[in-house]
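The values are calculated or read from the model by the stated rules, or taken from the named source; none is laboratory data. These figures come from a predicted structure and were not determined experimentally. Quick reminder, even Gly has a Cβ in these numbers, built from the backbone with ideal geometry, and neighbours come from all protein chains shown. In case anyone asks, the SASA skips ligands and DNA or RNA and just uses the protein heavy atoms, side chains included. Shrake-Rupley method; radii C 1.70, N 1.55, O 1.52, S 1.80 Å.
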Amino acid sequence: METGLTHLHNLLRYAIVIFLIINVVKSFLGWFGKKEYTAGDNKLSLFLFITAHLQLVIGLVLYFISDIVQGYKAMPMIDIMKDSVARFWVVEHMLSMIVGIVIITLGRIMAKKAKTDGAKFRRQAIYFTLAMVIIFAAIPWPWAVAGIARPWF
Ligand code: HEM
């Protein structure tokens, strides 16, 4: 089951990155172009919200069954914090992604509460950009250092 979930978690990253980029670009265009916030814009942010939360659930399950994370179970926390690879898998990836997903959630709620279309786009642009930077930085891309780098697919 772990292999299947890891694979799904790997692929879902692309859906999140693509939805983040589309939402950020459309939010800035809508904000500065003074465009109308349409049902399509709401749907796009909903797709991002759903994929991000699905990834959160899969990530939480993986955290408890993954060989990588479980491999550090016997390691004292002080040693985990001193080792950049162990720290990434036990602390940084999980925490950064949770923070990123909370910011996506807040961005969607704040945009929904905004009274004007401009304010909706502005809030989405700010929150989703912040989430995009955090999530992008915490993905174990193939170009990361050995131990953290994971395959494209
Ligand atoms: C936007 C959110 C997230 C993205 C884009 C993301 C992305 C990724 C990617 C690309 C991998 C490498 C998969 C592979 O080896 O093929 C990975 C691994 C992992 N992620 Fe996430 N992740 C996210 C959220 C989370 C969260 C919230 C948790 C934990 C609470 C988590 C836990 C893990 C674990 C434990 C692994 C290692 C799986 C293994 O190979 O054993 N992830 N993640």
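List of remarks:
- Residue check for Ala137: within 13 Å of the ligand (Cβ to nearest atom), at pLDDT 95 or above and not in a helix (DSSP H, G or I): no
- Verdict on Trp152 being out of contact with any helix residue (DSSP H, G or I) (no Cβ under 9 Å at 6 or more places or on another chain), open to solvent by 30 Å² or more (accessible area, probe 1.4 Å) and free of Cβ contacts under 8 Å to residues at least 40 places away in the same chain: no
- Every pair of residues 6+ apart whose Cβ atoms lie under 9 Å, when the first sits in region 89-105 and is under 12 Å from Ala137 (Cβ atoms) and more than 6 Å from the ligand (Cβ to nearest atom) while the second is of a type in the set (A, V, I, L, M, F, W, C) and open to solvent by 30 Å² or more (accessible area, probe 1.4 Å): Ser96/Ile134; Ser96/Ala137; Val99/Ile134
- Some residue of region 140-149 being under 20 Å from the mean Cα position of the chain (by Cα), among the hydrophobic types (A, V, I, L, M, F, W, C), open to solvent by 30 Å² or more (accessible area, probe 1.4 Å) and more than 11 Å from the ligand (Cβ to nearest atom): yes
- Condition met for Asp79 (over 12 Å from the mean Cα position of the chain (by Cα) and touching a residue at least 40 places away in the same chain (Cβ under 8 Å)): no
- Top-ranked residue in region 1-23 [being open to solvent by less than 70 Å² (accessible area, probe 1.4 Å) and of a type in the set (Ser, Thr, Tyr); ranked as farthest from the ligand (Cβ to nearest atom)]: Tyr14
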